[in-house]
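Readers should treat all values here as calculations from the given coordinates under stated rules, not as data from a laboratory. Note that this is a predicted model, so its numbers are computed, not measured. Counting neighbours? That spans all protein chains shown, and the Cβs are built from the backbone with ideal geometry, glycine included.
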Amino acid sequence: MACLMNSLKVPVQTLVKNLNLGTFSLGKCRMDASDPAALTRMFTLKKNGMDYVGQVRVRPGSPAVRIEVFNESYFEEFDQLEAVVLDNLTGKVLGRLLKDKDLPEEAKTLILEHIEDQEPVSEEEEVAPTIDDERNLDKIFERFNEEYFSNRIQARIMWGRDVKSRNKSGFRYGSYDEGKKLIRIHPRLKQDFVPLCVLELTVYHEMCHQFAPSYKKNGTWQSHHPEFKKKEREYKDFKDARNWEKHNWHRLLLPSEENSELVTA
Ligand SMILES: [Zn+2]
């Protein structure tokens, strides 16, 4: 569900791509005198009438970019995982920094390298859906289409491709490409330790994106808007699946044996 670089790419619906992070303002640049490539900038976020303060630091090393929000309560404004919110925020902050004419070249290079490293799982190629069991995506899709959507969802569904990702702060369960009407599901959800309801909710969630399309409000894409959420909660095991995700999402960060072979092969 995690995804990055909101402001750098054409909007594509994913689980979390378009979180409404609040009104964002970037503060003045503070350079680190000892290192010309290092910089720190404070920022503020205004959300639901509250003000929050954070900072972004860029410097050579790993990680090259560090983003913090000082008020923990900011994350309580979301019903997404903190890591997911932070990923979203990172995309926003870096996108804004890159637009800044005064951004030092060294810092710009570090940011661009960082973004490349964090590139979410590439899902360009299909992994043939050979699983002929309860995790067969077509079967889940067809069943849900009938059960929840009166067969009105028209989309293709496939497993995405697993690649080694250095992004350790979130996991992207699935995505929906509105233009292609294509749902991609992360292949790590094939693993036995992932409850079936978690895979099902991912499929269901992406179907909801077609059912309740994103819209732009005050210049920001709203994809998980109230209508969307209402529909999403209709899935019968919604609470169980979300609860599992909340406590186990980090187990999905490592490529599964099967899929890492696919990548290196
Ligand atoms: Zn979504």
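Quick notes on this structure:
- Whole-Hz Karplus values for the stretch 139-149 come out as 5, 4, 4, 5, 4, 5, 4, 6, 6, 10, 10 Hz, taken residue by residue from phi with 6.51 cos²θ - 1.76 cosθ + 1.60 and θ = phi - 60°; glycine and proline positions read x.
- DSSP-assigned coil residues among chymotrypsin sites (Phe, Trp or Tyr not before Pro) in the stretch 183-223, each with at most 14 further Cβ atoms within 10 Å: PHE193
- Using the Cβ-Cβ distance between ASN71 and THR23 with R0 set to 22 Å, the FRET efficiency works out to roughly 0.90.
- Using R0 = 51 Å, the C-beta based FRET efficiency linking THR40 and SER150 works out to 0.45.
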